[in-house]
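The values are calculated or read from the model by the stated rules, or taken from the named source; none is laboratory data. Given the structure is predicted, the values throughout are model-derived calculations rather than measurements. Here the Cβ positions follow ideal geometry from the backbone for every residue, glycine too, while neighbour counts run over all protein chains shown. Just the protein is used for accessible areas: all its heavy atoms, side chains included, with ligands, DNA and RNA removed. Shrake-Rupley method; radii C 1.70, N 1.55, O 1.52, S 1.80 Å.
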Amino acid sequence: MDKKKIAVPLVCHGHSRPVVDLFYSPVTPDGFFLISASKDSSPMLRNGETGDWIGTFEGHKGAVWSVCLDTNALRAASASADFSAKVWDALTGDVLHSFEHKHIVRACAFSEDTHLLLTGGVEKVLRIYDLNRPDAPPREVDKSPGSVRTVTWMHSDQTILSSCTDMGGVRLWDVRSGKIVQTLETKSSVTSAEVSQDGRYITTADGSTVKFWDANHYGLVKSYNMPCTVESASLEPKYGNKFVAGGEDMWVRVFNFHTGDEIACNKGHHGPVHCVRFSPGGESYASGSEDGTIRIWLTGPLTHDGTEPFAANGSVGKVKVTAEDVSRKIEGFQIAEEGKTKEKETGKE
């Protein structure tokens, strides 16, 4: 097999425990943002492009399993093992609302119109909170058949998608009727479910397969077997010609969407990869790991054919963020001349 190029990620330190969820905001007038959930109970907000730390949300008393930002990146939400979901002011870090649950809250998601917050967890109940009337009791849709692992909105907030920790499949609820209208069958528990930016596909990771489903007709479009058990997968949002997946072998792999061929394999994490997500413009993707770090991997110049170079030693010059920017912005991480970088990388292995 031909030797793959070594990618140089931006390494984001700060969490003291495993990073279990990542979420990118859409592009806003102020750029785009990345929020991370960790078992250390303190979600962190970063500049999505540079990885620079912006702030930490302090207030949870247990592991935080899920985080998200609203469409304008003005509010954050988090779901925690302390039996609560919190909504935060993303500019000040203040808690705006704290919604108490009767058990661990595993997942949360803002509606696209930013008015609603969806939560789910070990209680097997999906709740919809009206953020304009935070004191009103939440609306509950039909119960989930198992402990809720993931939740997300689709179809302009008309449909809810959710998967369970203890059984396979992804279920879809009609928000209006509150009833399950469709199940996407999988063998293993779905640990990651993402609706593509253009609304065409649902990307799921279950066991050692990554599947792509038609988000409107619900048919299975593609299913690829992975080299190991993968916990998370994300489709490139701009052209949709590649996807990333990460899992228990600690590597972050990039695959061709059309063929399933591996394009790149990024090594650097020192523990299983729990979450991977593409940035909203597809120019980079982030991975969060058991090792407590977030790594932001730069994609090469985007083209339609899926063969573009990745941000490796050979193509650092082509990446939008220059090497000087990166070394200046990422604390304690320097990109030297090409030769030295190679020495540094091989010295790590």
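Residues in segment 67-98 that are open to solvent by less than 10 Å² (accessible area, probe 1.4 Å) and either free of Cβ contacts under 8 Å to residues at least 40 places away in the same chain or in a strand (DSSP E or B) (or both): Val67, Cys68, Leu69, Ala76, Ala77, Ser78, Ala79, Ser80, Ser84, Ala85, Val87, Trp88.
Pull up segment 1-60, narrow it to residues that are among the hydroxyl-bearing types (Ser, Thr, Tyr) and over 16 Å from the mean Cα position of the chain (by Cα), then point me to the one that is surrounded by the fewest Cβ atoms within 10 Å (Cβ to Cβ). Top of the filtered list is Ser16. State whether one or more residues within segment 190-207 are of a type in the set (Phe, Trp, Tyr) and touching a Ser or Thr at 6+ places or on another chain (Cβ under 7 Å). Checked against the condition, which is being of a type in the set (Phe, Trp, Tyr) and touching a Ser or Thr at 6+ places or on another chain (Cβ under 7 Å), segment 190-207 yields no hits at all. Among the residues of segment 88-112, those that are charged (D, E, K, R) and more than 17 Å from Leu161 (Cβ to Cβ) comprise Asp89, Asp94, Glu100, Lys102. Scanning segment 61-95 for residues that are under 15 Å from the mean Cα position of the chain (by Cα) and charged (D, E, K, R) yields one hit, Asp70.
The single condition from (1) under 14 Å from the mean Cα position of the chain (by Cα); (2) charged (D, E, K, R); (3) closer than 21 Å to Gly31 by Cβ that Glu231 fails is (3). Residues in segment 281-288: is at least one open to solvent by 10 Å² or more (accessible area, probe 1.4 Å), within 20 Å of Ser42 (Cα to Cα), touching a residue at least 60 places away in the same chain (Cβ under 8 Å) and under 16 Å from the mean Cα position of the chain (by Cα)? Checking segment 281-288: not a single residue is open to solvent by 10 Å² or more (accessible area, probe 1.4 Å), within 20 Å of Ser42 (Cα to Cα), touching a residue at least 60 places away in the same chain (Cβ under 8 Å) and under 16 Å from the mean Cα position of the chain (by Cα). Among the residues of segment 209-235, just one is of a type outside the set (A, V, I, L, M, F, W, C), open to solvent by less than 50 Å² (accessible area, probe 1.4 Å) and more than 20 Å from Leu161 (Cβ to Cβ), namely Tyr224. Candidates in segment 138-152 are the residues that are assigned to a strand (DSSP E or B) and of a type in the set (Val, Ile, Thr); of these, the one that is least open to solvent (accessible area, probe 1.4 Å) is Val148. In a residue-by-residue description of segment 153-160, the property of being open to solvent by 10 Å² or more (accessible area, probe 1.4 Å), over 22 Å from the mean Cα position of the chain (by Cα) and of a type in the set (Gly, Ala, Ser) applies to no position. Looking across segment 236-255, the residues that are assigned to a loop (DSSP other than H, G, I, E, B) and either open to solvent by 10 Å² or more (accessible area, probe 1.4 Å) or free of Cβ contacts under 8 Å to residues at least 40 places away in the same chain (or both) come down to Pro237, Lys238, Tyr239, Gly240, Glu248, Asp249, Met250, Trp251. Within segment 256-269, the set of residues being touching a residue at least 40 places away in the same chain (Cβ under 8 Å) and either assigned to a strand (DSSP E or B) or surrounded by 19 or more Cβ atoms within 10 Å (Cβ to Cβ) (or both) comprises Asn256, Phe257, Ile263, Ala264, Cys265, Asn266, Gly268. Being among the β-branched types (Val, Ile, Thr) and under 28 Å from Glu236 (Cα atoms) is a property that Thr92 lacks. Determine whether segment 123-135 contains at least one residue that is surrounded by fewer than 19 Cβ atoms within 10 Å (Cβ to Cβ), more than 20 Å from Asp157 (Cα to Cα) and without any contact (Cβ under 8 Å) to a residue 60 or more places away in the chain. For segment 123-135, residues surrounded by fewer than 19 Cβ atoms within 10 Å (Cβ to Cβ), more than 20 Å from Asp157 (Cα to Cα) and without any contact (Cβ under 8 Å) to a residue 60 or more places away in the chain: present. Within segment 85-122, being closer than 25 Å to Val195 by Cα and polar (S, T, N, Q) holds for Ser111, Thr114, Thr119. None of Glu49, Glu58 is within 30 Å of His103 (Cβ to Cβ) and part of a loop (DSSP other than H, G, I, E, B) except Glu58. For segment 99-119, the candidate set comprises residues that are β-branched (Val, Ile, Thr) and not in a strand (DSSP E or B); within that set, the residue that is least open to solvent (accessible area, probe 1.4 Å) is Thr114.
How many residues does segment 167-180 hold that are open to solvent by 40 Å² or more (accessible area, probe 1.4 Å), touching a residue at least 12 places away in the same chain (Cβ under 8 Å) and not acidic (Asp, Glu)?
Final tally of qualifying residues: 4.
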